[in-house]
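Data first, discussion second: the structure below is written as structure tokens.
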Amino acid sequence: MGRKRDLAIFCHKMEQALHSGFDIERALMVVQDEEKGLLADAVRRTYEGVRRGKSLSLSMRKDELVFTSELVSLIYVTEQTGRIEYAFHRMAEKFDRQSEIESKLVTASIYPAIVMIVFVISLFAVASVWGFLPHAILAVAAIICIIVILIATKYSADTVSRNSKIVGNVFIKLPVIGRMILERELADFADNMATFYACGVPIDKGLEYCVSALSYEVLRDKVLKAASWVRRGNPLSQALLMQAVFPPDLIHSLKIGEESGNVDGMLIKIAEYYRLDTKNRTDMLMNLMR
């Protein structure tokens, strides 16, 4: 079972326990005995922290790498408004979606892996018969080295694009892949803003809290700038429009939500739209891999 799936189950259990009337300490006490591995240790330490009088978010922050910074930040925000149960509900849904995507990626990679293994075995078999086995081994080793170099290059490029405003701005504008990355980020952004808005968090503060959930520095910078525009009295749609990175359909939908007084509902619809579009594009890429 994957890490995201474990976190989804943990959030579901916490939501159910809190919904049943348990306080935070008792909910953690019940859940901690059902977890395993690193998550079990993290939940146990969180329980001990809460039992000693610390807040849930402060107790979880020591194991932020296990719980994820997004979950810890959302718990911190909802503690101020008494909506912790809602935070676990929203994060359980998100971890479920991420787990599903990871499962699809693993499934899609099985067939290419099998084809590659069969090809290598067949190559070695033919090479041993025709007497060029050493050359075949060198060829396979060269292919493996190229694959490793490509993966390392991709990882380095991804790291640079996340941490560099200039490179990140170019990266998210790439055809297909860039659109998928931007839509994934915007779905998380809209989802978190909907949660903060529903919990009564001021819009500028909600924008600042959303920064921790964004992966790309260029987007984090734009959101922080949008928060400063909101503090000057601008509506959210206008503040995002001024950043020249958020798509027109998002701005238009937000304006409708602001005019109808249903901003949180519109943000949820925006998140659902981007997730569905990302899912369709991911499925298309997965089909090409098969």
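Just so you know, all these numbers are worked out from the coordinates, no wet-lab data involved. All figures in this text were calculated on a predicted structure; none of them were measured in a lab. FYI the Cβ positions are ideal-geometry reconstructions off the backbone, even for glycines, and counts take in every protein chain you see.
Summary of computed values
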{"item": "Gap separating the Cα centres of the range 253-270 and the range 28-84, nearest whole Å", "result": "32"}
{"item": "Net charge dipole size for the range 177-289 [Lys, Arg +1 and Asp, Glu -1 on Cβ; Debye, nearest 20]", "result": "180"}
{"item": "Translational diffusion coefficient (Stokes-Einstein; Kirkwood radius from C-alpha pairs) of the range 1-117 at 20 °C, 1.002 mPa s, in µm²/s", "result": "144"}
{"item": "Difference of contour (0.36 nm per residue) and Cα-Cα distance, E259 to V115", "result": "46.3 nm"}
{"item": "Listed residue (L214, A227, N262) projecting farthest to the positive dipole end of the range 177-289, Cβ model", "result": "A227"}
{"item": "For the range 177-289, convex hull of alpha carbons as volume per residue, Å³", "result": "93"}
{"item": "Relative contact order computed over the range 177-289 (Cα-Cα under 8 Å; 6+ residues apart), in percent", "result": "33"}
{"item": "Unit charges on C-beta of K, R, D, E only; dipole of the range 3-92, Debye", "result": "140"}
